[in-house]
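So the structure is just underneath, and the comments pick up after that.
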Amino acid sequence: IDTCHSGQLGNNIGQEAQSNTEAVRELSGKEYGVVIMAAATGYEYSLEHPDWGHGAFTLALLEGINEGKADVKGDGTIYLRELDYYLSERVRELTGGRQHPTTQKPSSISRLSIAKIK
């Protein structure tokens, strides 16, 4: 989810006013099995810059997967936890600490392969 001020997510799906953080928690419950990576917490803006061509979260996601920068372990596979770590650090760097991505996943997912690096 990379939307400007996505804290209105709850309103968009017909629920009471809430932050995207709460909506993300609800969607990522065990019964759904969904992993959700949001660009920012519910009370932050998802920041963009003309030099990036899109948001900081999307830039970090593309760097992490397409350029293999999220392969923290260096084993040729990007796992969910590696990607989550890379996104968190890179978005904080790009935005000067003004944006904080958040990831919610069911506790049943311990190790999830996201991509293989060529």
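Of the chymotrypsin sites (Phe, Trp or Tyr not before Pro) found in the stretch 33-90, those in coil by DSSP whose Cβ has at most 11 other Cβ atoms within 10 Å are 43.
Taking amide H atoms as placed 1.01 Å from N in the peptide plane, the amide H of residue 42 lies under 5 Å from those of 20, 21, each 5 or more residues away in sequence or on another chain.
Accessible-area rank, largest first, for 111, 90: 111, 90, with all protein chains present and a 1.4 angstrom probe.
Computed on protein heavy atoms with a 1.4 Å probe, the accessible areas place 73, 105 in the order 73, 105, largest first.
The values are calculated or read from the model by the stated rules, or taken from the named source; none is laboratory data. Being a predicted model, the structure only gives us computed values, none of them experimental. Every residue, glycine as well, gets a Cβ built from its backbone with ideal geometry; the counts of neighbours run over all protein chains shown. Side chains included, ligands, DNA and RNA excluded: accessible areas come from the protein's heavy atoms. Shrake-Rupley method; radii C 1.70, N 1.55, O 1.52, S 1.80 Å.
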